[in-house]
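Notes to accompany the following structure.
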Amino acid sequence: MRVALREIAAKQSRTFNDPKDKVLVGPKQALLEALGDVSWYEPFHNLVLIATYVPPETSAGGIIIPDRSLAEARFQGVAGLVLRRGPAAFRDEGHVKFYGVMVEEGDWIVYKPSDAMEQFVRKQGSGSDGVSVRLIQDIHIKGRVPDPALIY
């Protein structure tokens, strides 16, 4: 299956005929547009479904990021967008205590890629390329960040 890395990266910095007409779409909006409605996906237990952060296709200096680097972001990226939570996520139980910490849908979180199981989700009703998502246990989420581009 092809992964929509380039498409998601390109949505974040679309340029039209005139450079002043550049439209920037944030990474959250680019991922959500590529995924569509994911309310059909129901994580069980203490699992959290996150979309893998994909950086914009151009660097701050205007250099186009090669496909290989975008693929590395998929495999080694450490930030993701919370899409859905299981019913037991972030509930204190036994020796596991969260001390009031909770993540909400739309939060950017930090994690270790090997702690999460990668899957691909396709927008319902389309034959489009899949979007890299991961299922991760709540205890493996390391923190929350305001902007995924700050973490690498």
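The values are calculated or read from the model by the stated rules, or taken from the named source; none is laboratory data. The structure presented is a predicted model; accordingly, all values stated were derived computationally and were not measured. Every residue, glycine as well, gets a Cβ built from its backbone with ideal geometry; the counts of neighbours run over all protein chains shown.
Which one of the conditions (1) touching a helix residue (DSSP H, G or I) at 6+ places or on another chain (Cβ under 8 Å); (2) within 25 Å of D37 (Cα to Cα) does H140 fail to meet, given that it meets all the rest?
Condition (2) is where H140 drops out.
Out of all the residues in the range 52-71, which are in contact with a Lys or Arg (Cβ under 8 Å, 6 or more places away or on another chain) and under 30 Å from D92 (Cβ atoms)?
Within the range 52-71, T52 is the sole residue that qualifies.
Residue by residue through the range 84-101, note down the ones that are closer than 22 Å to W40 by Cα and part of a loop (DSSP other than H, G, I, E, B).
Those that are closer than 22 Å to W40 by Cα and part of a loop (DSSP other than H, G, I, E, B): G86, P87, A88, A89, F90.
Of all the residues that make up the range 40-84, how many are buried (at least 18 other Cβ atoms within 10 Å of the Cβ) and small (G, A, S)?
Residues in the range 40-84 being buried (at least 18 other Cβ atoms within 10 Å of the Cβ) and small (G, A, S): 5 in total.
From the list L32, L70, L81, which residue is modelled with pLDDT of 90 or more and under 16 Å from V131 (Cβ atoms)?
Sole residue among the options that is modelled with pLDDT of 90 or more and under 16 Å from V131 (Cβ atoms): L81.
I'd like the full set of residues that are surrounded by fewer than 16 Cβ atoms within 10 Å (Cβ to Cβ) and part of a loop (DSSP other than H, G, I, E, B), limited to the range 108-126.
K112, Q124, G125, S126
Only one of D129, D147 is of a type in the set (D, E) and either touching a Leu at 6+ places or on another chain (Cβ under 7 Å) or surrounded by 17 or more Cβ atoms within 10 Å (Cβ to Cβ) (or both). Can you tell me which?
Result of the check over D129, D147: D129.
For the range 103-136, name all the residues that are at positive phi and under 12 Å from the mean Cα position of the chain (by Cα).
Result: G106, single match.
Which pairs have Cβ atoms under 7 Å, sit 6 or more apart or on different chains, and link a residue in the range 68-85 that is free of Cβ contacts under 8 Å to residues at least 12 places away in the same chain to one that is of a type outside the set (F, W, Y) and outside any strand (DSSP E or B)?
none
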